[in-house]
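Worksheet for the structure shown next.
Every read-out reported here was derived from the displayed coordinates using simple, explicitly stated rules and does not represent laboratory data. Computed from a predicted model, the values in this text were never measured in an experiment.
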């Protein structure tokens, strides 16, 4: 079924193409991603995914809109996307030798439908030396990445294990997307 992707993330686009789910249009949403006081990471990723989908649906109301959001969290601390090298260093030091969670929110908004799903993956980092962190920061791969790392890139050598969806950590759980998009045909048949 045709859909619009409410994201310009190269990782999300690549993951969708890998499973032959190609959006007919890609539109970058414009939303406020400010975290609410006392908002948990699971609620945050679901709320932001839904806001992104609704933002694009307001302009393309006859189409199905798929949106996603990824939140990296350790305990109650959310490790946001960063473009600041110092903040990235703080995040990597914080993740070093510990487990953390990656929450993925996926939303589908279309005619007569609003679906929101969440996915949680646990990731274990090895203990990082100061030199490993310095070398990784020099690559700038961490830029605009939740938690300041990209599991599909050079940071893969820091990962001891994951429990859950690998593609969720990359930026979009394709298993969940498939189940969400798979229901569109049933909905269209009921409405027609």
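Structural remarks
- The shape of the range 97-172 comes out prolate: with a ≥ b ≥ c from the C-alpha gyration tensor, a/c is at least 1.5 and a/b beats b/c.
- Between helix 85-95 and the chain: long-axis angle, C-alpha atoms, 0 to 90°, nearest 10: 90
- The chain: most fluctuating residue of 167, 34, 176 per GNM, C-alpha cutoff 10 Å: 34
- Contact order for the chain, expressed relative to its length and based on alpha carbon pairs under 8 Å spaced 6+ residues apart, stands at 22 percent.
- Rel. contact order, % - alpha carbon contacts under 8 angstrom, at least six apart, the range 6-90: 28
- Mean residue ellipticity (222 nm) of the chain, computed from DSSP H runs ≥ 4 via -39,500 (n - 2.57), nearest 500: -10500 deg cm²/dmol
- According to the Cα-based calculation, Rg over Rh for the range 49-114 is 1.17, with Rh computed by the Kirkwood formula.
- Pairwise centroid distance, computed over Cα atoms, of the range 38-66 with the range 3-21, Å: 16
- Against the main long axis of the alpha-carbon atoms of the chain, helix 130-139 sits at an angle near 40°.
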